[in-house]
Every structure is written in structure tokens, then in C-alpha cells.
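The values are calculated or read from the model by the stated rules, or taken from the named source; none is laboratory data. Being a predicted model, the structure only gives us computed values, none of them experimental. Here the Cβ positions follow ideal geometry from the backbone for every residue, glycine too, while neighbour counts run over all protein chains shown. The area values use the complete protein model at the heavy-atom level, side chains included, leaving out ligands, DNA and RNA. Shrake-Rupley method; radii C 1.70, N 1.55, O 1.52, S 1.80 Å.
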There are 2 protein chains.
Amino acid sequence: MKIITISREFASGGRELGKRLADAMGIPCYDHEIIELVAKQQGLDKNYVEYLSEQDLHSFYAKTIAHRFLIPHPMGQQPAKVITAEHEIMKKLAMQGDCVIIGRCADVILREMHPFDIFVYADEPSKLERCKAREQGDRPLSDKEIRKRIKQIDKECIAYRKLFTETDWADMASYHLCVNTSGREIKTLVPAIAAYTAAWFQKGGA
Amino acid sequence: MKIITISREFASGGRELGKRLADAMGIPCYDHEIIELVAKQQGLDKNYVEYLSEQDLHSFYAKTIAHRFLIPHPMGQQPAKVITAEHEIMKKLAMQGDCVIIGRCADVILREMHPFDIFVYADEPSKLERCKAREQGDRPLSDKEIRKRIKQIDKECIAYRKLFTETDWADMASYHLCVNTSGREIKTLVPAIAAYTAAWFQKGGA
């Protein structure tokens, strides 16, 4: 079984890398699909699950865990249910066969399945450029606002990871391959990453 | 110009990876050759240069820099001369054409030549195993002694690096690709790393 997990700094191109890697390997890539399945299972709106899962949840849920006997979570048990459902669905998807899973601490959640764990990162100018290139809307964010957003989202990833593991989010020891995408087009790097992934799996699980 | 630098944790297989990568790319690999050239240039014994360069130098020279007006280096100016000669020789070798350079903070020293910087690391059991496999002599070191040696040498690398740069030795941001060799044979990983290196250089320097 070849399970590949992608963790990444916000705007480093990790999502694109994961999708292209899955395409190159001819296997499915799970990203927003997980949210959709959770929403369906829990009878919740997709956007609401995404909101719970990616925004508020990270910091609020951490507080809930820390103070669970003192301060009830403002949204009751729903964040915990959504996290649990996410993990169950990730495990089910992974059990179905080879795949790439993006984000959501899949490297930790699926540890027992011996995934190949990739971390994608980039320097600040590259992340800024990537954000600007994909930004839409009438009022584009300033560089300062984008930088703040990048830091905030990465901070949430760190907090979210701390719920499940002692291993550090930005520590290379937590991963099998760490890819710096600064100044490079993701698509040019993917064939070699696919080759590396195949070589890594030749030995079997870690 | 394709300059590839290899930084690595002790016993992670970085040296083997660098040599095999150079072979795969059909370019020279510089490692002990640098010591030999320095010894020749400075009229010193090769083993003495290696001793200065890899053992005592790291910690003693750091102290010398910190206290250079207070405590003279026990070996006078020789460590500084050896370091300077090493850097000059590394630059000369890199100017001659594509190559792989192992260790010696080549990523920092050759920054202006836009090298592709690889960091090689592994978990402790893998490093222990690698040390034992290559160990020679009548009295093999105990696991505890090997672990201590691994930590000591890595500590010296960190100290040595601090002489030249603010960037951290074990921080992925300092490198373009970080390769975890735990539980894997180096030779199985090298073709894909060579492919990645080639893809990275297609864009030109960073």
C-alpha cells in the first residue's frame, strides 16, 4: 500500500504538488473530498465543516482540550465530532488503496499504515508571489496582509498538530522528504518526486 | 554551472549519497580531496590538516573568535589559515565546473554560485546501524559510545557553521532538499535525487 501524505507551509505549493504527484502516480488525491465526505456523514453544510475544520477549530479546540472540564467549547461537541469524523474518513480512504492525502496531519493520523511523508516549504518571497498569483476579488490584500495571513495559517497548523502528536510540524525529522519550492515551478519538480516516492516504497513501509 | 552541496548528520549516509550522486551525474565529488589540496598548499601533513579541520578546530576556533583579544588560539593562526585555505580551494574547485562538494559548509561558502543544497539526515537507530556496519578495530564501541560520538560530531558541525552564517545547520530553510535516509539503502534513492537535481537546475540558479 502506498500512502503519501503532504504537509506544507501555506502558499508553498504543497497542494499543487500533492495533486500533480497523485496524477503522475495514477492514484487518487484527497483534499477537499475529505471535507465533503465529513459534511455528508454528519449532515452538515460543506462550508460550515470547512470553517470548523480549517479556521476556528485549530485554536478553539486546543483551548477546549486544555480546559475541557472548565470551559465548554463555544460550539459544543461539534468540533470534536468533525475532527473524529475526518480521521475516520482519512483512514477509510487510505484503506481503499494507494493515495495522496493533503494536510490534516495525515502523516500522524495514518502512522500505522507507514505512509511516505513529504513536507513542502518555500521562502517568503515565493509564498508571497504564489498568494498574489492566485488571489481574486476587488480589493487585493497588501503584502503586509498576505504575510500576516501566511503566518497566521501556519500558526494554526502548528496548533492543530499539537493536538495529536509531540512531533514538530516544521521539523524535518517528522518527514521523509522535505522539498523547498522557492523560485521553482511545481510541475517541473514532480516527476523526480514521483520517482523518489517509488524508490522509497520499494523497501516497503518505514 | 551545477554545484551541489551535501550537508549531513553524522552517519546519515550523506557522504555515500554525495559520491553516488556525483557518479550518477558524471561529475566529480570533492570530499577528502579538499583536505589533500589544503595539506599540499600549506605544506602540512594530510592527517594533521584533517585533525585541524574536522576535530579540534570546530570548538577551539569558535572560542578563539569569541575571545580573540583575550585568549590566543592554542595552535596560533594555523586553524584560521586552514579554514581560509579550505574555502579558497572549494571556490576554485567549484569554478572548474559542475561538482558535488561534501560538508565544510559549502552551501554557505559557495552561496554566490547558487548551489543546490541537500541535507541528509536519519533517525537514531539507522545512524547507529550505519556506524556499526562500518566500524573497524578490535574493540567495537558500545551503542552508548556511538550515540555520544554522533551527538558530539553533529554539535561540532553546528558550532563550525555558526562561524560563517546565521542560518541554522538543521533548519530545512537552509537547504533546497532534505532527505531522510532512515531504513533505506542510499543507492536506491540516488537516481531520483539526481533527477530532482537536474529538474532544479533547469530553472537556473536560485
* To do: Quick one: count up the residues across the range B:7-41 that are among the β-branched types (V, I, T) and either at pLDDT 95 or above or on the phi > 0 side of the Ramachandran plot (or both).
  => 1
* **Members of the range B:1-29 found to be among the small types (G, A, S) and either open to solvent by 20 Å² or more (accessible area, probe 1.4 Å) or not in a loop (DSSP other than H, G, I, E, B) (or both), listed by number** => B:S7, B:G14, B:G18, B:A22, B:A24, B:G26
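Matching residues to (1) under 17 Å from the mean Cα position of the chain (by Cα); (2) among the β-branched types (V, I, T):
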| site | (1), (2) |
| --- | --- |
| A:T167 | yes, yes |
| A:S174 | yes, no |
| A:L177 | yes, no |
| A:S182 | no, no |
| A:K187 | no, no |
| A:V190 | no, yes |
| A:I193 | no, yes |
| A:A199 | no, no |
| A:K203 | no, no |
* Selection status of B:E88, closer than 25 Å to B:N47 by Cβ, among the acidic types (D, E) and part of a helix (DSSP H, G or I) -> yes
* Say whether the condition of being touching a Cys at 6+ places or on another chain (Cβ under 7 Å) and closer than 19 Å to B:S182 by Cα is met by at least one residue in the range A:132-147. => no
* Structure fact -> Taking the range B:152-206 and keeping residues open to solvent by 20 Å² or more (accessible area, probe 1.4 Å), more than 8 Å from chain A (Cβ to nearest Cβ) and under 21 Å from A:S126 (Cβ atoms) leaves B:T165, B:E166, B:T167, B:D168, B:D171, B:F201, B:G204, B:G205
* So which residues in the range A:91-114 are outside any helix (DSSP H, G or I) and either under 23 Å from A:A24 (Cβ atoms) or open to solvent by 20 Å² or more (accessible area, probe 1.4 Å) (or both)? -> A:G97, A:D98, A:C99, A:V100, A:I101, A:I102, A:G103, A:R104, A:L110, A:H114
* **Number of positions in the range A:140-165 that are outside any loop (DSSP other than H, G, I, E, B) and hydroxyl-bearing (S, T, Y)** => 1
* Any residue in the range A:131-139 that is assigned to a helix (DSSP H, G or I) and surrounded by 12 or more Cβ atoms within 10 Å (Cβ to Cβ)? -> yes
* Asked: In the list B:I118, B:I109, B:I89, B:I101, which residue meets the criterion of being within 14 Å of another protein chain (Cβ to nearest Cβ) and within 15 Å of the chain's Cα centre (by Cα)?
  -> B:I118
* **Criterion violated by A:K127 - all others in (1) open to solvent by 30 Å² or more (accessible area, probe 1.4 Å); (2) modelled with pLDDT of 90 or more satisfied** => (1)
* Asked: Within the bounds of the range A:135-144, is there any residue that is touching a residue at least 60 places away in the same chain (Cβ under 8 Å) and among the hydrophobic types (A, V, I, L, M, F, W, C)?
  -> no
* **Residue satisfying all of: in the range A:166-206; part of a loop (DSSP other than H, G, I, E, B) and of a type in the set (S, T, N, Q); modelled with the lowest pLDDT among these** => A:T167
* Among B:I146, B:I118, B:I153, which is the only one that is of a type in the set (V, I, T) and at pLDDT below 90? -> B:I153
